[in-house]
Every structure is written in structure tokens, then in C-alpha cells.
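Colleague: Have a look at this one before I ask anything.
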Amino acid sequence: MTKHKDSNAHSDALALFGITGDLAYKMIIPALYALVKRGALTIPIVGVALEKWDLKQLHARVKDSLQHSAAGIDDKKAFNKLLALLSYVSGDYTHPETYRAIKQALGKAKRPAHYLAIPPFLFENVIQGLGSAGLAGNARVIVEKPFGRDLASARELNRVAHSVFPEDAIFRIDHYLGKEAIMNILYFRFANSFLEPIWNRNYISSVQITLAEDFGVKTRGAFYETVGCLRDVIQNHLFQIVALLAMEAPTRQDPDAVQTEKVKVFRAMRPLTSADLVRGQYAGYRNEPGVAKNSDVETFCALRLFIDSWRWEGVPWYLRSGKYLEQTVNEVLVELKPPPQKLFEDSPTLAGQTNYLRFQLAPHSSIGLAARVKKKGKKFIGDQKELFLIEEEPGEQSPYERLLGDAISGDRTLFTREDASEAAWAVIEPVLKEHPHALPYRKGSWGPKEAQAFTAQGDLP
Ligand code: BG6
């Protein structure tokens, strides 16, 4: 596929596949409303789904979604505008008549954006359906994660997508990239000069990334059975964070330059082996709706990763994530080595006492820099103090609002390129095929005790 001639043009309609689904209800509809509210969305929206709903039912769903969202319906005018932009097509994604009906609903639109907020097994059907119906020319397609379920299926999906859309029209969403705190990692690293001299194996002893949730799979058991923690959040969300932390400076602030540096990180990652990870499953997971009674799917994963590059040789990267852990927290801890000389009684020698940089992403976002400071008194003894560099600001755009707005306006900066997605799959490929059994853990704990070995300090926050 060659490049679209209008690859940066604003889309003139949005077809939202899966508008009746959970993701649309929780994330996408509130994002659309927020975009309308700030005047950034004025194009028609064609909702598509299997349900035989009429427009009135769709309107009721939109209202319900917004009433349950954080903002609620705080701008009646914007709410009515959003309803006025909506139309609805009910149909099966495998039937050509569905696409004919979408075409009709799109009317005069010449550059629609098709957003596939649908189960991954339907991606290829819809992409091919769009191609056959002549709905792909000058259009773009926004694809939800997971993009593939291993390297071979990601390649196949890319092949199908490229038979219909050029790469610059494919927007692979990872909502983590739309988070302020994550964009700040990129900014903080390359907008400052004090970091660069220490940002390497000479000063950094380890990097630990945690995405812990104090809740389970909720109503998503059937979906979760098809992914597990590795595919659900490690290959995408956590790897993207690693890439931003580990990459070299891009040659310029340009989507391709950033992607190119990220791809280099994924390619330098040592492919994981089963000795590099611990898989866990919370007690009671097998009784969740949609989950197999003998499921070995992991709801927890802790792993140790190495990046074989000049900058990172020998530095362990500890990644862990899990459901039903003790608390909900998402943070990056970059731990520095202790000073070379143990001058004071309490000079740090152990991990956990040394300087560190903490990027906290959830429940609040902040950047903290920890350094030791002397306590008052005769003795040369101090405390580790954290210097807070930023704190969350109210009124930030939600990741979905940001990413949808970007996709509609053709800005690819925060989307994942084909080679980055495949290179990330290649790292976890060996452990998708061969891995240890999922070890049981208690709800509200920090996962199986065997995971301790895969944390920076051998303990947990
Ligand atoms: C999603 C996963 O992509 O990310 C979920 O499918 C996970 O399982 C979620 O809970 C975490 O996102 P956030 O933004 O709540 O940290």
C-alpha cells in the first residue's frame, strides 16, 4: 500500500465499530463527549454493532455511559451536539450488507476514520470488509490492543491491514501512550540535561516498573482467558514505558523518529526465557464468569529483562503486574548505585537506601527524586527525602480523548508502528510458548512469594 495523499488531513467522519460494547461505554463515549465539549469534534459519528438497536436506544446508552463517567453530563449543549452527530448501523461484521449500510450512513465523507473497538478476533474481518466495500480509500483505521496474540498473528494482522491500508493510515492504540505522566517520561528525559550523564549502566542499578491493581478481571473473564497478564499489559503498556525510559534521544520531535528509537530498544531486549519470569493466578480466578475451571492463565506476572545495549548492559529491568494485589499503584522506580565510598555511618550500601527517581503514574502522577539529607545534630546521619517535581493537574485530558483527537486529526506521534509492535512480540514470544505454571496467590497479597526474586529490592513497596 502506498502512502495516502492526505495522510495528515482531518478525518471527516468517524465509524465506531463496537459502539454498544464495554470499552465504548466506559472510555470512548466519555472521550467523544469531552472532545465535543471543547469544540474538537464536529464530524458525524456512525456507530456500528450487532445489536438491533434504534437511535433512541443508542442515545439512552450514551446518556447512561456519560452519567456514570467521572465528568457526568456537565454541559447539556455539548451532550445534545454529541447526540446530533450520532447515527447507528446494526449488522454482522462478516456480512457485506453491513458495510453497504455503513457506506450509506457515511454519506459524503471522503476521509472517514474507522475505529475498531471490537474483540481482536474480528479485526481482520472488519479490515477486509472495509476494503471490499471501498471504504478504505483515504480513510484511516484505529485498532485497539491487543494487536495480535503472538509474533505470527501480529505479522498476519499487519499483512491483512497493509493489503487494505497504508501504514500511515493504521493507528494502533495503546492508551498508556495518551497518559500525561507517560508523555512526561519522554519530555523529562530529553528536556533536561542533568539526567543524561547518569542515565546508564554506570549509575543506574536497576529499573522497576509496577502496574498493580487491587481488583480482579471483573466482567472480562472470557476476554482475559484469551490474553493473560503478559499479553494484556506487559507486551504493550509496560514495554512502552521501558522503551521511553531506555531509548536514545530521537533525532527530532517527529513520530517516526521516536518510533525508530523505540524499535531499537525492543530489538536490543534479550528474548525472555521461562527462568526470567514468574506467573501467578489469584485464588478464585477459576470461578470468575467466563473462566475455565482448569485455567492456567496468569493474572500476575513478574519478570526480569535485560537490554543488550551499550547504555543498559547488565542493568536488570524488573516488570510486574497483577490483578487483586494489595493496592492499585503504577510506578517506575529508577534506582541509582550507592556512592563509591562509605563515608558516613549510614552511607547507603543497600538497594532501597540509595538515590532514586520515581515516576508515579497512578493513583496520582508525580515525579520524585530521592536524595539523602543530613538530620539536625552532631552526628553525620541523614534521611532519604523525596523532592517532588510535578504533581497532577486537574482537568487533564483522558488518554482516550487525547488519542482519539490525535487519530482524527492524523497525528501519529502516540501510536505504535508496525515494526515496534512486532519487535515487542518477539521479546515475549519464547515465554508464550514455554512458561512455568501459574502459581496461586492470595487476593490482596503481592502475588506469589516466588516473585520476590524478580523485584529490585527483593521486597515490595
Ligand atoms: C487495559 C487492560 O489495557 O489496561 C486492563 O486490558 C488493565 O486489564 C488496564 O486493567 C489498565 O489501565 P489503567 O489506565 O487503568 O492503568
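Colleague: Cα centroid distance between the range 286-339 and the range 99-149, in Å?
Modeller: Distance between centres, Cα-based: 34 Å.
Colleague: About the Cα centre of the chain, what is the dipole size in debye to 20, counting +1 per Lys and Arg Cβ and -1 per Asp and Glu Cβ, all else neutral?
Modeller: 500 debye
Colleague: Can I ask one more? Determine the sum of side-chain charges near Q208: Lys and Arg each +1, Asp and Glu each -1, restricted to other residues whose C-beta is under 9 angstrom from that of Q208.
Modeller: Local net charge: -1.
Colleague: Give me the distance in nm between label points sitting 7 Å out from Cα along the Cα-to-Cβ direction at N192 and D214, one decimal.
Modeller: Those two pseudo-labels are separated by 2.9 nm.
Colleague: If packing is taken as the average number of other Cβ atoms within 10 Å across a peptide's residues, how do 28-37, 74-83, 258-267 rank, most packed first?
Modeller: Ranking the peptides 28-37, 74-83, 258-267 by packing returns 28-37, 258-267, 74-83.
Colleague: Tell me which residues come under 5 Å, amide H to amide H, from V315 once H is placed; ignore anything under 5 positions away on its chain.
Modeller: When sequence neighbours closer than 5 places are left aside, the close amide H contacts are I307.
Colleague: Once phi is turned into ³J(HN,Hα) by the Karplus curve 6.51 cos²θ - 1.76 cosθ + 1.60 with θ = phi - 60°, what whole-Hz value does each residue of the range 283-289 show in order, with x for glycine and proline?
Modeller: Ordered by residue, 3J(HN,Hα) equals 4, x, 4, 5, 9, 5, x Hz.
Colleague: I've got another one for you. With θ taken as phi - 60° and the coefficients 6.51, -1.76 and 1.60, list the Karplus ³J(HN,Hα) couplings across the range 88-105 in order, rounded to whole Hz; mark glycine and proline as x.
Modeller: Listing the rounded values in order: 9, 10, 9, x, 7, 5, 9, 9, x, 5, 4, 6, 5, 5, 5, 4, 5, 5 Hz.
Colleague: Given H placed 1.01 Å from N in the peptide plane, which residues other than close sequence neighbours of A13 have an amide H under 5 Å from its amide H?
Modeller: Those qualifying (amide H under 5 Å, at least 5 residues apart or on another chain) are R111, A113.
Colleague: I need the peptides 151-163, 135-147 ranked by packing, meaning the mean over residues of other C-beta atoms within 10 angstrom, with the highest value on top. Don't jump to the answer; show the numbers that get you there.
Modeller: On the way: 151-163: 16.8, 135-147: 22.2.
In decreasing order of mean packing, 151-163, 135-147 become 135-147, 151-163.
Colleague: If each residue of separation counts as 0.36 nm, what is the full-extension length gain between D419 and T42 once their alpha-carbon separation is subtracted?
Modeller: On the way: separation 377, 0.36 × 377 = 135.72 nm, distance 3.32 nm.
Computed gain between D419 and T42 is 132.4 nm.
Colleague: May I pose another question? What number do you get for the range 274-332 when its Cα radius of gyration is normalised by 2.2 N^0.38 Å, N = residues?
Modeller: Working: Rg = 15.1 Å, N = 59, 2.2 N^0.38 = 10.4 Å.
This ratio for the range 274-332 stands at 1.46.
Colleague: Hey, how many Å between the Cα centroid of the range 29-44 and the Cα centroid of the range 55-70?
Modeller: Comparing the Cα centres of the range 29-44 and the range 55-70, I get a distance of 14 Å.
Colleague: For the range 13-173, just the Cα atoms, rotate onto the principal axes and tell me the three extents in Å, largest first.
Modeller: The Cα atoms of the range 13-173 stretch 46, 32, 28 Å along the principal axes, largest first.
Colleague: How far is it, in nm, from the label point at A71 to the one at T94 when both lie 7 Å from their Cα along the line to the Cβ?
Modeller: That separation, rounded to one decimal, is 3.8 nm.
Colleague: At 0.36 nm per residue, and after removing the present C-alpha to C-alpha distance, how many nm does the segment from R267 to Q384 gain when stretched out fully? Mind showing how you got there, number by number?
Modeller: Working: separation 117, 0.36 × 117 = 42.12 nm, distance 3.64 nm.
Length gained between R267 and Q384: 38.5 nm.
Colleague: In nm, to one decimal, how far is the modelled label at V373 from the one at N294, with both set 7 Å along Cα→Cβ?
Modeller: 5.9 nm
Colleague: Let me ask something else. Largest first and in whole Å, give the semi-axes of the range 309-461's equivalent ellipsoid, each being the square root of 5 times a Cα gyration tensor eigenvalue. Provide the component values of the computation, followed by the final result.
Modeller: Numbers: eigenvalues 225, 117, 65 Å².
Those come to 34, 24, 18 Å.
Colleague: Another one. Per-residue HN-Hα couplings for the range 297-306, Karplus 6.51 cos²θ - 1.76 cosθ + 1.60 at θ = phi - 60°, whole Hz, x for Gly and Pro?
Modeller: Result, ordered by residue: 5, 8, 9, 9, 8, 10, 9, 10, 10, 10 Hz.
Colleague: Stick to Cα atoms and the Kirkwood definition of Rh, then tell me Rg/Rh for the chain.
Modeller: The Rg/Rh ratio comes out at 0.99.
Colleague: Filter K81/K103; K63/K323; K63/K443 down to the pairs with a C-alpha to C-alpha distance above 28 Å, please.
Modeller: K63/K323; K63/K443
Colleague: Please sort 449-456, 300-307 by packing, taking for each peptide the average over its residues of neighbouring beta carbons within 10 angstrom, highest first.
Modeller: Sorting 449-456, 300-307 by mean packing, highest first, produces 300-307, 449-456.
Colleague: Please name which of Y203, F165, V36 has its Cα lying farthest along the dipole of the chain towards the positive end, using unit charges on Cβ (Lys, Arg +1; Asp, Glu -1) and the Cα centre as origin.
Modeller: Checked the options; the winner is V36.
Rule-based calculations on the coordinates, nothing more; no lab input. This is a predicted model, so every value here is computed, not measured. Please note: Cβ atoms are built from the backbone with ideal geometry, for glycine as well, and neighbour counts cover all protein chains shown.
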